[in-house]
Structures are given as structure tokens and as C-alpha cells.
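**Student:** One structure, as C-alpha cells, below. Some questions next.
The values are calculated or read from the model by the stated rules, or taken from the named source; none is laboratory data. The structure presented is a predicted model; accordingly, all values stated were derived computationally and were not measured. Every residue, glycine as well, gets a Cβ built from its backbone with ideal geometry; the counts of neighbours run over all protein chains shown. These accessible areas exclude ligands, DNA and RNA; they are computed on the full protein's heavy atoms, side chains included. Shrake-Rupley method; radii C 1.70, N 1.55, O 1.52, S 1.80 Å.
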Amino acid sequence: SRLLTALRRELESLDADLDSHIRNSPVWRVREALLTSVPGVGATTARTLLAELPELGSLDRRQIASLAGLAPWTRQSGKWKGKSFIGGGRGKVRAVLFMAALVASRYNPDLKAFRDRLVAAGKPKIVATVATMRKLLTILNAIIRDGRPWQNA
């Protein structure tokens, strides 16, 4: 119980430090506001992307997906061809994008329609979620690149 209280206090202190750093940096403030303009992306996702993926907005969609570990890799050798999978990249980014994609596939009408279309076409739900993660990352990359907040399509 004492340890839990100490950990909570430490977490609050870290959050306060992060808030002050973002408040003191005009670039980070603008970028955080742009990222959180997307339904499904909260402060935690935005801050993780700012910290762990500083290349956001400066690479194309394939490069940024590969950097985050969301690019599909096909396992094959000669005539034998296996399934595609994702891997490598930055694990923390992939973890927050997974949660953001789950929230976005419920509250973001464009991403919800995208995911529902994949599931209706017979794709397994996890495959549809990973595709939603990749699409969300592509959208966030374009938003930072163009400096324009989210707009419904």
C-alpha cells in the first residue's frame, strides 16, 4: 500500500514534468493538438508518438509504417509462401497505436467503417485491427506533415 502510494506520486510527478515540457515547447504543443484532434487519439498516444517517433511527418507512409513495426512482411522461400506478419520497429509505438486503433474503430466514423469493411470481407479481427493501426498512423503522419487538424472525410 505504501509502495503503491509512492508509485502514484512518482507517476503524478512525471506527468507534471511532461506537461511543463510540452507547455514550454510551442512545437510540441502544436503537434500534440494536431494529433489529439483525431478521434481515438488521446494525450497518452500523442505524447508517446512525440517522444518515440520524432520522424512522424517527415517520412512517407511506407517508411513510417516500417519504422513503427506495422509494415507487412511475407514469409516465403522458393515456391513455398507463408503468411504475412508484422514485426520489428518500435514496440512502445505499436502498443499505443493498438489501443488508439481499438478506440478509433469505435468512435472515429472513418476508421470504424474501414475496420468493419475488412471484417465483413472475412478478415480476422486482429488483422483488421492491425490494418486500422497502420491507417491511423498514416493519417497521423499526414496531419503532422501538413500541419492541418483532423477533418471527417
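**Student:** Please report, in Å, the Rg and the Dmax of the range 1-127, where both are computed over Cα atoms only.
**Tutor:** Expressed in Å, the Cα Rg and Dmax of the range 1-127 come to 18.2, 60.
**Student:** Same structure, new question: Tell me, what is the FRET efficiency for residue 121 and residue 95 to the nearest 0.05, using R0 = 35 angstrom and their Cβ-Cβ distance as r? Could the numbers behind the result be given before it?
**Tutor:** Values: r = 27 Å, r/R0 = 0.76.
With a Förster radius of 35 Å, E is 0.85.
**Student:** Another question about this same structure. Once you wrap a convex hull around the alpha carbon atoms of the range 1-68, what is its projected area averaged over all directions, in nm²?
**Tutor:** Values: hull surface 23.7 nm².
Mean projected area of the Cα convex hull: 5.9 nm².
**Student:** Rounded to the nearest whole Å², what accessible area per residue is found for the chain with the 1.4 Å probe? Provide the component values of the computation, followed by the final result.
**Tutor:** Working: 9750 Å² over 153 residues.
It amounts to 64 Å² per residue over the chain.
**Student:** What's the magnitude of the charge dipole for the chain around its Cα centre, counting Lys and Arg as +1 and Asp and Glu as -1 at the beta-carbon? Answer in Debye, nearest 20.
**Tutor:** Charge dipole, the chain, about its Cα centre: 840 debye, nearest 20.
**Student:** Sticking with this structure for a sec: Considering only protein heavy atoms and a probe of 1.4 Å, how much of the accessible area of the chain is carbon and sulfur, as a whole percent? Mind dumping the intermediate values first?
**Tutor:** Values: 5400 of 9750 Å².
Here carbon and sulfur together make up 55 percent of the probe-accessible area.
**Student:** What angle, in degrees between 0 and 90 and rounded to the nearest 10, separates the Cα long axis of helix 125-146 from the longest principal axis of the Cα atoms of the chain?
**Tutor:** So the inclination is approximately 60 degrees.
**Student:** If you build a Gaussian network model of the chain, linking Cα atoms that sit under 10 Å apart, which residue out of 22, 143, 64 swings the most?
**Tutor:** 22
**Student:** Tally Lys/Arg at +1 and Asp/Glu at -1 over every other residue whose Cβ is under 10 Å from the Cβ of residue 39; what's the total?
**Tutor:** Numbers: positive: 106, 112; negative: 110.
Taking every other residue near residue 39 into account, the sum is +1.
**Student:** Here's another thing I want to ask about it. Across the chain, how many lysine pairs separated by 8 or more positions, or lying on different chains, have Cα atoms within less than 30 Å?
**Tutor:** Value for the chain: 20.
**Student:** Next question. Round to the nearest 10 and give me the degree value, 0 to 90, for the angle of helix 91-107's Cα axis relative to the longest principal axis of the chain.
**Tutor:** 80
**Student:** Where does helix 109-120 land angle-wise versus the long Cα axis of the chain, in degrees 0 to 90, nearest 10?
**Tutor:** The helix 109-120 is inclined about 30 degrees to the chain.
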